[in-house]
There are 2 protein chains.
Amino acid sequence: MERVSSALKTGLLAGAAAALLPAPALADTLIYNVDGLTIDEKGNVERFASLVIDDDGTVRDILLRGEKRPTDIDFSVDGEGRVMMPGFIDAHLHVMGIGFAALTLDLSQTESLEEALAAIAEFAEANPGRPWILGGGWNQEKWGLGRFPTAAELDAIVPDRPVYLTRVDGHAGWANSLAMQAAGVDASAVSPAGGRIERLAGSETPSGIFVDAAESLVTRAIPAPRAVERDLALSKAQEVLFAQGVTAAADMGTSIEDWQTFRRAGDRGALKLRIMSYASSLETMQLIAGPGPTPWLYEDRLRMGGIKIYLDGALGSRGAWLKEDYADEPGNRGIPILTPAQLRNTMSRAAMDGFQTAVHAIGDAANAEVLAAIEELSETYEGDRRWRIEHAQIVDPADIPKLAEHGIIASYQPLHQTSDRVMAEARMGLGRLGGAYAWRSVLNAGGRITFGSDAPVEPADTPAGIAVAISRTDANGEPFGGWLPQETVSRAQAIAGFSSDAAFAGFAEGRFGRLVPGERADFVLVDRDPMLSSPAEIRNMTVLETWIGGERVYKRAE
Amino acid sequence: MERVSSALKTGLLAGAAAALLPAPALADTLIYNVDGLTIDEKGNVERFASLVIDDDGTVRDILLRGEKRPTDIDFSVDGEGRVMMPGFIDAHLHVMGIGFAALTLDLSQTESLEEALAAIAEFAEANPGRPWILGGGWNQEKWGLGRFPTAAELDAIVPDRPVYLTRVDGHAGWANSLAMQAAGVDASAVSPAGGRIERLAGSETPSGIFVDAAESLVTRAIPAPRAVERDLALSKAQEVLFAQGVTAAADMGTSIEDWQTFRRAGDRGALKLRIMSYASSLETMQLIAGPGPTPWLYEDRLRMGGIKIYLDGALGSRGAWLKEDYADEPGNRGIPILTPAQLRNTMSRAAMDGFQTAVHAIGDAANAEVLAAIEELSETYEGDRRWRIEHAQIVDPADIPKLAEHGIIASYQPLHQTSDRVMAEARMGLGRLGGAYAWRSVLNAGGRITFGSDAPVEPADTPAGIAVAISRTDANGEPFGGWLPQETVSRAQAIAGFSSDAAFAGFAEGRFGRLVPGERADFVLVDRDPMLSSPAEIRNMTVLETWIGGERVYKRAE
């Protein structure tokens, strides 16, 4: 009997392990001569000059300038004085949405209907093989159109295939006639509960715009993407995020298809992004995680810890649920998607098994309702629950103190504030904005906040998010002095919101989010110091390199 | 800045790793003084006296009696002369079905309707909290009833709750009136394609028996098990299988819920059984594995490599698709579940992405149809495909040579032969059994076979399977000399069918199935030598210990 060679055995096992685990960094690495910063346990900025990475991809040490460097290092890298920060953690985005958006038509940069129509025509011509033309990002408010666009306008440029384009906030869709035909939608179609079919003036004919729950009347006719397309989209999403310095994110509304895509990538070592997953429904949560949150998988790269619940829609499409009528549409207060009992039952079902709940609430009525629900649920579900409210855009100032109770986390997206400002003033009227995007008020009341982008609704642009968080001004520096500038936060709070606080919001503290010994070595090298730069300069910050678990996943082309 | 202690760091990482990987054996282990056997590459039995297990759970070496033992061993165990065999690999079973069967009422040992009714009454009384009484394993043929049982017979003993009990072969169900009422089934219900509602004589009233596709008319009303119940069932299934020496199995018809249950166990290190998974549908296969078979996960414990496809039903319920009429029901040839085009499209869709196909075919018409489909598909899909036919119970003798073509594997369940013998004679008539359970004929024609149990349809009793494979006699030694005894196989072929050949049928050769250096150390210790025992003695073989990956997962109570 011959002994199999040791090399062969090692090869066999290495193959088996490689299928399961991403390769760790192979060596103890020192990155010296950096201008490093992280958030400490008190939320303050701490500086350092060198980072020591263990061969398992965790931070072994951080060193001050002049501190003795360890001698047992395999590789040393000169940081050339560049700024090192914790990898950006986005507390609210949609991983697969980012990937699919990158593979479909992006209208978010169009400034007019004419520009959008030209882009659609160009995309259709460039993609003759696609059975449907899909995309999104349009915003009739930005276009200054004063109305929704119509199916007829699409028909004129794409007469041969269905077209379906999602509004920038994801709360409305724009279809051409062939898409409506494929979906069997005609003048006899009725608006479903929680949604609205827009009609042509003085007619029952659908105009081509489908709001909230009505979107599914058309989207259900869109062929589902195949697994290979999903895998491509995830790969694309990681590419997009790493180029922007994002190393971890909360995925808000993970479907079973999304989850399987994450696992396929994890199983072959291709999942580098850290994903804190919130299921799209109770059924999905149960199917995937079962009796409780999953363990952290793939070396802290994936965990399903909770559920995303929608309570209302968005301000732009007047789907947000308000306490009073929309200022620009008397008689309309928006649409609550769940009844009070449905909301409580869903939250309760998740909480009883130890899952976290993250409730989308935009209007002040929706926020008040979530707060009331948490108040009641807290009587039963004690301990460290970290109830999350996603967006929390319009909160009645009288309700803000309640956000500090029961460990609630308000999960904000700074870029929504600048995108929505003019629209929010129109929808709410100037007198009802006292609790609008009220970041500092929540902090002052003793509450917790975290920051994200809601990508692909907004770009996953953390530097821009930090700039807005400290200035309440947009890319043009407007409005001068900031919009409701009393709601700005400090630089340290902004950075924490996109790093340590975002990790905390996903029960990931101690694993990643800070550059301290024992946590994963996730960081970015950037071209300027956010503590010393103006908001406009921060907005133009360039990510030079992105590292996850001690492995470089992005380097900017020279 | 303080360095976190090495122990703390190790603890943190050990925790993360433990969530992902089952703990391997911790030491190099020698098990000496065993009467060991394995199958060699030529299919012959090879003997050995000691097994050396590496600290990673693979076989490091096997030693002959008198060969020098290695000196760098951490632990030595005296095998006390017991027989060591490769862990049993079951090429066809239903993991979750075994678990749920162990948690529900088992009627498979009942010898009469009266005995079954008494068991049902006892179970209902013992489980007052269960909203439905569920179970299976009944067989009206075994009861000598000469007819199906009825709803009325159940109503008399369980009047307060729905009852639904599956026939031993899974191809029919027996409901009481409350179950039919809950499912909305009454005299107006029509039999679906591929299924049949039994009616009371001279009436349209359903009798309580639902065959094949008609089963879903009732089963869809049964509340789905919760994730926690699924997890419990998997744990129970592993317990049942390990006590029977089964260390690996092909799971035939994995649903998304089953898969998530496997992964939850794998993620927390609780999946010990090796599962070769075949998806229950194209949609499930795509959802889970996506563009191709998954990698081997959890140290060779889980892989989705193919799809299970049903082409017909079973002989017992006359659902098997025959070339000629049933001998005991003129005019009935059974039910093909798929059209020729559907079969080819499904197989083709799987094969084009590199998935293996395992087609359930019991009747001779079904087997001929699969063979024709493989013949056509092989023109496009070349290479090592290992097309599987599951059961292959009745094959037209003229078709047997075709089983040796294109690398087809006939996946047989020896215990079905003894359970079905009398019924098969009735269904087919004596003149049409030339290709019935024709194990040796297939081998003689140059084909490949493998063995399994179809548990929970039959018990996962490998020793009994080996005994039948070499004798064609049942537990009572009947019929004397064996049924169609020319179809017995050798002891080595029987053992290979339940070990190395079953691994090959699941693309697992080289990973497990043999006790040779480099493969996983999966083995059983048993109380007798299958090479030297009579079939009756083999049937009574006792599994003393079961080891997987060098870890003991079962030890018989003294």
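The values are calculated or read from the model by the stated rules, or taken from the named source; none is laboratory data. Keep in mind the model is a prediction, meaning the values are calculated, not measured. Neighbour counts are summed over all protein chains in view; Cβ atoms, including those assigned to glycine, are modelled from backbone coordinates with ideal geometry.
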Among (1) closer than 20 Å to A:Ser280 by Cα; (2) surrounded by 15 or more Cβ atoms within 10 Å (Cβ to Cβ), where does A:Ala224 come up short? (2)
Residues of region B:407-456 that turn out to be within 30 Å of B:Glu376 (Cα to Cα) and hydrophobic (A, V, I, L, M, F, W, C), as a count: 13
Being closer than 12 Å to B:Phe148 by Cα and of a type in the set (S, T, N, Q) is the requirement here; does B:Ser177 meet it? no
Could you tell me whether any residue of region A:120-131 is within 28 Å of A:Arg274 (Cα to Cα), at pLDDT below 95 and either in contact with a Cys (Cβ under 8 Å, 6 or more places away or on another chain) or not acidic (Asp, Glu) (or both)? no
Using the structure shown, decide if A:Val422 is outside the structural domain of A:Gln109 (by the TED database), closer than 19 Å to A:Ala320 by Cα and outside any helix (DSSP H, G or I). no
Condition set closer than 15 Å to A:Asp529 by Cβ and either of a type outside the set (Val, Ile, Thr) or within 11 Å of another protein chain (Cβ to nearest Cβ) (or both), scope region A:39-64, selection surrounded by the fewest Cβ atoms within 10 Å (Cβ to Cβ): answer is A:Arg47
Starting from residues that are in a strand (DSSP E or B) and within 8 Å of B:Ile197 (Cα to Cα), keep the ones in region B:209-218 and report whichever is nearest to the other protein chains (Cβ to nearest Cβ). B:Phe210
Matching residues in region B:219-241 (away from chain A (no Cβ under 14 Å), under 27 Å from B:Tyr310 (Cβ atoms) and part of a helix (DSSP H, G or I)) number 6
Being at positive phi and either at pLDDT 95 or above or outside the structural domain of A:Ile538 (by the TED database) (or both) is true for just one of A:Glu80, A:Glu115. Which residue is that? A:Glu80
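If I go through region B:302-359 residue by residue, how many of them are among the β-branched types (Val, Ile, Thr) and either more than 18 Å from the chain's Cα centre (by Cα) or farther than 19 Å from B:Ile409 by Cβ (or both)?
First, the residues of region B:302-359 that are among the β-branched types (Val, Ile, Thr): B:307, B:309, B:335, B:337, B:339, B:346, B:357, B:359.
Next, only the ones that are either more than 18 Å from the chain's Cα centre (by Cα) or farther than 19 Å from B:Ile409 by Cβ (or both) stay: B:335, B:337, B:339, B:346.
Final tally of qualifying residues: 4.
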Consider region A:227-245. How many of its residues are surrounded by fewer than 20 Cβ atoms within 10 Å (Cβ to Cβ) and among the hydrophobic types (A, V, I, L, M, F, W, C)? 4
